[in-house]
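Below: the structure, in structure tokens.
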Amino acid sequence: MQKMIIGAAALLAAGWSTPVHADEAPTYQDIMAKAGAAFQAEDWAALEERLSEAQALRPYSLYIWKNRILARQLKGDSAGAMALAAKIAERGLAIDLSGHDAFDALKAEPAFVAIGAKFENNMAPIGEAVVAAQYTDVNLLPEAYAAGRKGTHYIGSVRTGKIIEFSGAASPKGTAFAQGGVFDIEVRGKKLWAAVNNQLAYEGADPENKFASLMVFNLKTGAPLREIRVGEPDALLGDLEVAKDGTAYASDSVTPRLYKMAPGGQTLDIFAADPRFVNLQGVALDEKNHRIFAADYLAGLFVINTDTAEVTAIENTIDAHLGGIDGLYLYKGALIGIQNGTTPQRIVKITLNDEASEAIGFEVLQQNLDDWNEPTHGAVSGDKFNYIATSNWPGYDRDWNIREDAVLYPVRVMTVPLDSK
């Protein structure tokens, strides 16, 4: 859900600051305030130091990474700036180095030619575009997906709150309606669960009555069975997992935290709130091993013990880019991630060690396909992965209205094989 990224403000333009007490560790906002002051004072060494501190808190923020390149170039360390740009290229990504004369100077250096070529090569499409099903409505803003039986697909709409079922080219049938945008759905037996937010791009959003909730529907009739609203303020539920016994987990992208509801419970309670969390997105439940994985757009991957709520950051000894992941899914002990917060956007497979404490392998399954318009959520179905390829989020402006020049695609569910053997 790339639109929910936090902290992508103007480039170090303001020199505002907030007081920091001696006994408190500086926050990201404190650090960036000092970085802004250093930028205004043209103290490039201090700027780089502050940005490095900020990067430690948000290791996968490409916004900070870009500004670190700028800071090094401004202080005369072209080799250091080049090294940071090269690292991005080695991770299979590209970064837009524009907006300042110092970037132009860096790109004019002979040593940058190979890096620029690598950026360009990294944008090449990977994988085959295989459409599993398509629906002509372009106004849904489809974010949520669940795979049904016999090849059916369930789609949840952020724009209308509608949940539909369709298969191939057949006409869809309405399954349920939520009083808010549907951000994730799960099919469990005869029930359909949904993470719902009455805010953002939902066409019926009431700015005076924003709320986030879990809703449960009868899968066959679409009748609402339960609604459990989040009691905490400033919540936005981004992803949902439901265990076999009915225990539900939901990630909060804004505050950020992980909620849990006991089977048949009446409240969503805060289960895990770690200071390392920045912008939680996808979650993937591993019931057998009593753990749930969580993707943070800017902080990377975490695993949370479902018995103790202990949070552990997954180590990245392979030096892959583990940020920018929206949807997250479990497949034979590996994680499948829809990485829509990177350039290029990708679907990746992350292999973990037996303890799930370390990423030991990273494979790009698909990337930058012509038929995409920001992929978001999906589901593992056997040995393949189905996903929404055309969410249409880029067609909406900051006020969540459709842009005048927007090109909106029909709902397109695509598929990629997961087992290469």
Worksheet item: residue 294: touching a strand residue (DSSP E or B) at 6+ places or on another chain (Cβ under 8 Å), part of a strand (DSSP E or B), under 17 Å from residue 256 (Cβ atoms) and assigned by TED's automatic domain parsing to the domain that holds residue 238, yes or no?
Response: yes
Item to complete: Determine whether segment 170-182 contains at least one residue that is of a type in the set (A, V, I, L, M, F, W, C), out of contact with any Gly (no Cβ under 6 Å at 6 or more places or on another chain) and in contact (Cβ under 8 Å) with a residue 24 or more places away in the chain.
Response: no
Worksheet item: For residue 145, all conditions in the list (1) assigned to a helix (DSSP H, G or I); (2) in contact (Cβ under 8 Å) with a residue 40 or more places away in the chain; (3) not basic (Lys, Arg) hold save one; what is the number of the exception?
Response: (1)
Worksheet item: Any residue in segment 8-31 that is hydrophobic (A, V, I, L, M, F, W, C), at pLDDT 95 or above and surrounded by 15 or more Cβ atoms within 10 Å (Cβ to Cβ)?
Response: yes
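Given 124, 133, 102, which one is under 23 Å from the mean Cα position of the chain (by Cα) and either of a type in the set (Gly, Ala, Ser) or surrounded by 16 or more Cβ atoms within 10 Å (Cβ to Cβ) (or both)?
Within the list 124, 133, 102, the selection yields 124.
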Worksheet item: If only one of 387, 409 is aromatic (Phe, Trp, Tyr), in contact (Cβ under 8 Å) with a residue 12 or more places away in the chain and surrounded by fewer than 21 Cβ atoms within 10 Å (Cβ to Cβ), which one is it?
Response: 409
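Return the total of residues in segment 138-151 being buried (at least 17 other Cβ atoms within 10 Å of the Cβ) and farther than 25 Å from residue 281 by Cα.
0
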Discussion item. Quick check on residue 258: is it in contact with a strand residue (DSSP E or B) (Cβ under 9 Å, 6 or more places away or on another chain), farther than 29 Å from residue 84 by Cβ, modelled with pLDDT of 95 or more and crowded, with 23+ Cβ neighbours inside 10 Å?
Written reply: yes
Practice prompt. Please note which helices (runs of 4 or more DSSP H) are completely contained in segment 18-121 and include at least 1 residues that are among the basic types (Lys, Arg) and in contact with a Pro (Cβ under 9 Å, 6 or more places away or on another chain).
Written response: 28-41
Worksheet item: How many residues does segment 182-204 hold that are crowded, with 17+ Cβ neighbours inside 10 Å and in a loop (DSSP other than H, G, I, E, B)?
Response: 5
Item to complete: Could you check how many residues of segment 197-212 are touching a residue at least 40 places away in the same chain (Cβ under 8 Å) and not aliphatic (A, V, I, L, M)?
Response: 4
Worksheet item: Here is a list of conditions, (1) within 12 Å of residue 252 (Cβ to Cβ); (2) among the aliphatic types (A, V, I, L, M); (3) surrounded by fewer than 23 Cβ atoms within 10 Å (Cβ to Cβ), and residue 283 meets all of them except one; can you say which number that is?
Response: (3)
Fill in: One residue from 292, 338 being over 24 Å from residue 95 (Cα atoms) and touching a residue at least 24 places away in the same chain (Cβ under 8 Å)
292
Worksheet item: For segment 94-124, how many residues meet the condition of being in contact with a helix residue (DSSP H, G or I) (Cβ under 6 Å, 6 or more places away or on another chain) and closer than 23 Å to residue 361 by Cβ?
Response: 2
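The values are calculated or read from the model by the stated rules, or taken from the named source; none is laboratory data. Because the structure is a prediction, the values reported are computed rather than measured. Cβ sites come from the backbone with ideal geometry, for glycine too, and all protein chains shown count toward neighbours.
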